[in-house]
Amino acid sequence: MKRFLHSFKKISPAGLLGVRIVMALCCAMAFAAFAVCLFAGEPTLGNWRAYRLARAMAEAPAGVLLAAGIGLIVLEDPGAKK
């Protein structure tokens, strides 16, 4: 855990900007899922697609955050700068 925190403190400004953008995207997707559920009304057969869309948007931020984290690790790899 100390190694992870130490490496996170050494992140480049571009990497930090990427983390902030990804976090904002994940929050926007989760809020959009909430808004779709809020305005779709009661779950019925007529708005079933809206609820499926909301479910997909609620599940997607975890995958986006995971992919961005892996991408950031690959881009910030100190071994690649040798």
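When each full DSSP H helix of the chain is screened for a Cα extent of at least 18 Å along its own axis and an average Kyte-Doolittle hydropathy of at least 1.6, the helices passing are 13-40. Entry note, the chain: the mean residue ellipticity at 222 nm calculated from DSSP H runs of n ≥ 4, each adding -39500 (n - 2.57), is -27000 deg cm²/dmol after division by the residues and rounding to the nearest 500.
Assigning unit charges at the beta carbon (Lys, Arg +1; Asp, Glu -1) and nothing else, what dipole magnitude in debye, to the nearest 20, does the chain show about its Cα centre? Display every interim value, and only then the final one.
On the way: 10 positive and 4 negative charges, 90 e Å.
Dipole about the Cα centre, nearest 20: 440 debye.
Where (i) 20, 55, 24, 0; (ii) 12, 22, 21, 18, 13, 11, 3; (iii) 17, 35, 23, 15, 9, 2 are the candidate values, the label of the one calculated here for P(r) over Cα pairs in 10 Å bins from 0, in percent is (iii).
None of the figures in this text is laboratory data; all of them are computed from the coordinates on show. Not measured: the values here are computed from a predicted model. Cβ coordinates were reconstructed from backbone atoms using ideal geometry, including for glycine residues, and neighbour counts include every protein chain displayed.
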